[in-house]
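Report on the structure given below.
The values are calculated or read from the model by the stated rules, or taken from the named source; none is laboratory data. This structure is a prediction, so every number in the text was calculated from the model and none was measured. Backbone-built Cβ (ideal geometry, glycine too); neighbour counts: all protein chains shown. Please note that ligands, DNA and RNA were not included when accessible areas were found on the heavy atoms of the full protein model with its side chains. Shrake-Rupley method; radii C 1.70, N 1.55, O 1.52, S 1.80 Å.
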Amino acid sequence: MSRARTAAALLSVPLIMAGVLSAATAPAGATPRPAKSLTCQGKGVDAGAKVRARTETVIDAPLSAVWKLQTDVERWPSWQTHVTSMDRLDHGPFRPGSAFRWTTPVPPNPATPATSLDITSTVEQLKRGSCIRWTGPAVGEGLHIDGVHVWSFQQVRGGVLVRTEETHTGEQVDADVPYATEILKQGLEAWLGELKTAAEARSC
């Protein structure tokens with residue numbers, strides 16, 4: 001797969017990714033230390049993955065509203081620009097074992113026509129109102145990514161601190177780790193941005 005093709009695919013998908021760990025704030029002259037990896041019930045992202053990203057934001061909305069938006073996966077297409085279809089594969093409350101299949105477009109580029117990625121995510125760990133960890137593959141024409149995605153939600157002054165971290169493994173992303181990591185980070189930031197916009201709009 002060409003670099004352009006990989007970029008197009010990854011920019012479309014804030015799937016189950018994770019890239020460079022954010023550095024913790026350190027005093028001037030000190031060596032920054034990487035932030036501790038996010039976990040949910042003791043389980044984190046893929047420790048062996050080369051492609052890893054993390055980001056966070058504060059959302060000015062009730063925790064219940066943020067949690068509902070994120071876990072009501074069937075409604076993702078209503079507020080996430082890059083989610084074009086969604087099928088919940090189980091019924092009842094969102095819980096460990098819940099699975100969902102969703103698609104996201106891959107724009108055309110000079111080398112290839114437009115296509116889409118099919119992603120199947122399975123919830124492995126979940127603590128209501130606190131954290132979620134899901135895993136699963138993303139498959140498209142000439143592309144296969146295995147991802148692990150962890151979410152953390154914490155009430156703070158001013159709203160809800162949402163942190164997310166994801167790792168990707170696969171031949172295509174491992175071929176250019178810095179580039180794939182940057183694309184993953186952009187995808188996570190876009191997802192958080194849309195979550196923030198949707199939650200704050202509904203809480204006005």
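Out of all the residues in the range 162-181, which are open to solvent by 20 Å² or more (accessible area, probe 1.4 Å) and closer than 18 Å to PRO62 by Cα? Full working, then the answer.
Let us first name the residues in the range 162-181 that are open to solvent by 20 Å² or more (accessible area, probe 1.4 Å), namely 163, 169, 171-172, 174-179.
Within the range 162-181, just ARG163 meets the criteria.
Consider the range 66-98 and keep the residues that are under 15 Å from LYS196 (Cβ atoms) and open to solvent by 30 Å² or more (accessible area, probe 1.4 Å). The one that is modelled with the lowest pLDDT is THR81. Taking the range 50-144 as the region of interest, the strands (runs of 3 or more DSSP E) fully inside it that hold 1 or more residues being in contact (Cβ under 8 Å) with a residue 24 or more places away in the chain are 51-59, 99-106, 115-127, 131-140. In the set GLU166, GLU189, GLU194, only one residue is under 22 Å from SER37 (Cβ atoms) and assigned to a helix (DSSP H, G or I); that residue is GLU189.
The set of residues in the range 145-161 being free of Cβ contacts under 8 Å to residues at least 40 places away in the same chain and either closer than 20 Å to ASP72 by Cα or open to solvent by less than 20 Å² (accessible area, probe 1.4 Å) (or both) consists of GLN154 alone. Within the range 122-154, being polar (S, T, N, Q) and over 14 Å from the mean Cα position of the chain (by Cα) holds for GLN125, SER130, GLN154.
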